[in-house]
Amino acid sequence: MNRIQRRHFGKALLAAPVIPVAAEQQARQRASGLPPLTINDAKVITTSGGGRYRWVFLKLITSEPGLYGIGSANNNYQTEAVITALEKHLIPWLIGKDPSRIEDLWNSANYRTYWRYGPVNNNVLSAMDMALWDIKGKRAGMPVYELLGGKVRDAVPCYDHRGGRDKEEAVAGVQKSMAEGWRYIRVQYGEGGYGGGGFYPAGKGERPEGGYSGLAFDEDMYVSTIPAVFEYVRSKVGFEPKLCHDVHSHLSGINAVELARRLNPVQLFFLEDVLAPEQIDWYRNIRKVCATPQAVGEVFSHPYETLPLVTERLIDFTRCRVAAIGGVTAAKKLANLCEPFGVKTAFQEGGENDPVNQIAAYHVDISSPAFGIQEENHFPPVVHEMIPGCGQIRRGYLYGSDKPGLGLDIDEKLAAKYPLRTDVPRGGAYRTDRALDGSVVRP
Ligand code: MG
């Protein structure tokens, strides 16, 4: 290399970094151009949604005029406890903090209560977390899914809910869903809600004198009934629709194993919560006898309940509710945990759930390779008016609004027109199923 070559080479070396340095400076300027942000105010918004919902939303208002975020603290059964926890404990702690530090706030809020991962604490965390992601997305001018890595699918496939009091009604329900464009359909059976197909009618069966007289669940009856129902449905609709069934934890150990084994020939898309959280070690036995896919975790609130089931590949879908585990941050971490183990997500909805929780799940669903399926939830017209940007389900797919942040809002005046109802049966308690002898059956 002569002197001239060396000079050109030296110039080239000097010239080469100019573009990245300029880009870095621009990026730094853009970042530093954002003024500091603080949470100035917060309010808890409650509404019946014009029906029997018991919805609790958190609105975090920042120091930037017009910039706020909303989140869901949905808990149909401990609603007043969640409201109090938000108003008396979280909000006073949160005011004045920097909303851009989502991960730090999530952790410090989680440890703020010392005892952690309980359902009410998680509802509170979830509301805060969703609102923080809403704020971050709005500030970035992007939907939250863009901040999570962008779309990996065009829309979010959901499963429909059908039931039948008899086999013909179950078949008709599946056929109706298929005609409406649903590819995934959950089928429940019989009278009595979850556990249907396994209930003695009220007053029937051999019972203790003077004891419990309502619907009574019997595990053996259920294990005999349900496989025959699905064999009949399959004989009429074939194997194209992807069918699911929710046991709602009504079975104990070996009966759960036997039901999963008997359902193997009908090739379910998944069998949901065949065991209660207290009995999850039995999933190892299920794996040994059949390939019926297992969807688990609707009532889980602690991440370590899910952990061994995923890492030992004992289940196929995690079923947690986003508002019950800590919001977008927790749901994204759960999806990331599942991905390398080949387990998929099937985030839970449920008839009492709300559009903010649904859309929080949507942002994780649409940006995660570990996505499996999303439970559908749909709302009456007044809710779509109350919560503009509410997700839309068309022919089996959930669509978000694509607006920045979570992409929806709450009309507070309209929400206030429909306050929480006070005439809630038994204070809003979940139904307790019982056996013939009056003992409690897990829900
Ligand atoms: Mg369920």
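Does region 224-244 contain at least one residue that is hydroxyl-bearing (Ser, Thr, Tyr), within 16 Å of the ligand (Cβ to nearest atom) and farther than 28 Å from Ala179 by Cβ?
As a first pass, look at region 224-244 and keep what is hydroxyl-bearing (Ser, Thr, Tyr): 224-225, 232, 235.
Then drop every residue that is not within 16 Å of the ligand (Cβ to nearest atom), which leaves none.
Taking every residue of region 224-244 in turn, none turns out to be hydroxyl-bearing (Ser, Thr, Tyr), within 16 Å of the ligand (Cβ to nearest atom) and farther than 28 Å from Ala179 by Cβ.
Name the residues in region 323-343 that are within 16 Å of the ligand (Cβ to nearest atom) and touching a strand residue (DSSP E or B) at 6+ places or on another chain (Cβ under 8 Å), would you? Full working, then the answer.
In the first step, residues of region 323-343 are kept if they are within 16 Å of the ligand (Cβ to nearest atom); the result is 323-325.
Matches in region 323-343: Ala323 only.
Rundown of residues vs (1) of a type outside the set (S, T, N, Q); (2) under 24 Å from Thr225 (Cβ atoms); (3) in contact with an Asp or Glu (Cβ under 9 Å, 6 or more places away or on another chain), yes/no style:
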{"position": "Pro265", "(1), (2), (3)": "yes, yes, yes"}
{"position": "Glu298", "(1), (2), (3)": "yes, yes, yes"}
{"position": "Gln348", "(1), (2), (3)": "no, no, yes"}
{"position": "Val364", "(1), (2), (3)": "yes, no, no"}
{"position": "Glu376", "(1), (2), (3)": "yes, no, yes"}
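Pick out the one residue from Gly210, Gly137, Gly192 that is modelled with pLDDT of 95 or more and part of a loop (DSSP other than H, G, I, E, B).
On the way: Gly137 fails: part of a loop (DSSP other than H, G, I, E, B); Gly192 fails: modelled with pLDDT of 95 or more.
Result: Gly210 is the single residue among Gly210, Gly137, Gly192 that is modelled with pLDDT of 95 or more and part of a loop (DSSP other than H, G, I, E, B).
Might you let me know whether region 305-312 holds any residue that is surrounded by fewer than 23 Cβ atoms within 10 Å (Cβ to Cβ), free of Cβ contacts under 8 Å to residues at least 40 places away in the same chain and within 24 Å of Ser439 (Cβ to Cβ)?
For region 305-312, residues surrounded by fewer than 23 Cβ atoms within 10 Å (Cβ to Cβ), free of Cβ contacts under 8 Å to residues at least 40 places away in the same chain and within 24 Å of Ser439 (Cβ to Cβ): absent.
Name the residue, out of Gly203, Gly193, Gly238, that is assigned by TED's automatic domain parsing to the domain that holds Thr292 and closer than 30 Å to Tyr304 by Cα.
Gly193
Across region 360-378, what is the number of residues that are out of contact with any helix residue (DSSP H, G or I) (no Cβ under 6 Å at 6 or more places or on another chain) and buried (at least 20 other Cβ atoms within 10 Å of the Cβ)?
Of the residues in region 360-378, 6 are out of contact with any helix residue (DSSP H, G or I) (no Cβ under 6 Å at 6 or more places or on another chain) and buried (at least 20 other Cβ atoms within 10 Å of the Cβ).
For Val187, are the conditions met, namely being part of a strand (DSSP E or B), in contact with a helix residue (DSSP H, G or I) (Cβ under 7 Å, 6 or more places away or on another chain) and under 21 Å from Glu375 (Cβ atoms)? Explain how you work it out, then say what you get.
Values: part of a strand (DSSP E or B): yes; in contact with a helix residue (DSSP H, G or I) (Cβ under 7 Å, 6 or more places away or on another chain): yes; under 21 Å from Glu375 (Cβ atoms): yes.
Criteria met by Val187.
Quick check on this structure: which one of Gly69, Gly49 is modelled with pLDDT of 95 or more, surrounded by 15 or more Cβ atoms within 10 Å (Cβ to Cβ) and assigned to a strand (DSSP E or B)? Break it down into steps so the answer makes sense when it comes.
On the way: Gly49 fails: assigned to a strand (DSSP E or B).
One residue alone meets the criteria, Gly69.
The values are calculated or read from the model by the stated rules, or taken from the named source; none is laboratory data. Here the structure is a predicted model, which is why all the values come from computation and not from measurement. Neighbour counts are summed over all protein chains in view; Cβ atoms, including those assigned to glycine, are modelled from backbone coordinates with ideal geometry.
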